[in-house]
Amino acid sequence: MDYYYKRFQSYFHDTVHVDSTPFLDPVVKYLPPGGEVWDVGCGSGRDLLWLKQRSFKAVGLERSQGLARLAAAHSGCQVIQGDFNTFDFSRLAVDAILLTGALVHVSWEELPPLLTAIIAGLKPGGILFLSLKQGNGIREDKKGRRFYLWQDAALEAIFQQISLKILNTSKNHSLLATGERWIAHVLRKRM
């Protein structure tokens, strides 16, 4: 996890140029115009800017101080420096929460309670976007980052357990041309 603290500049430059349209278009069609969307683990702020340009009230949460500063400057949106593991989401009542690759380092055991804590910040019927790397096992990259890989059945069981309804599922190759596959879900918090 130190990577995002020490190498925030390179992470910013590697990710800020990615077009958010392919994965965010399926999300925003479920949102009210001008709705409030929190981008948890907002990284470069790229998705915040995309949302702001479409008149959504976008707020970021980012653990890395360096990334939080860069994301705020890039997007012009409020970015709170904080850790999603300890942040109190229950004090929110927002239309949507984005987890665009934010939970790729979270273990299989940790994901259900963490998602439960995060969706406490959604309004009844609110939307959650979750994208994770698809595959089996654990993979470590050349930068020393550990990624937990997921399959449909395991995720669907978690969604059922914590009362999230699947609205849309997509599988795509990495937009950074890494050869990895991603699985993304648009989910609704049951009332």
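In the chain, helical runs assigned H by DSSP with n ≥ 4 each contribute -39500 (n - 2.57); averaged across all residues and rounded to the nearest 500, the mean residue ellipticity at 222 nm is -8000 deg cm²/dmol.
Can you tell me which of 95-105, 159-169 comes out highest on packing, and rank the rest after it, using the mean Cβ neighbours within 10 Å?
Ranked from most to least packed, the peptides come out as 95-105, 159-169.
If you count Lys pairs in segment 3-189 whose Cα atoms are under 14 Å apart, skipping same-chain pairs closer than 8 places in sequence, the total is 4.
One entry in [x] 60, 39, 26; [y] 41, 38, 30; [z] 54, 41, 31 is Cα extents along the principal axes in Å calculated from the shown coordinates; its label is [y].
Reducing segment 20-40 and segment 68-144 to their Cα centroids gives an inter-centroid distance of 15 Å.
None of the figures in this text is laboratory data; all of them are computed from the coordinates on show. Owing to the predicted nature of the structure, the values given are computational and were not obtained by experimental measurement. With ideal geometry, Cβ positions are generated from the backbone for all residues, glycine too; neighbour counts draw on all protein chains shown.
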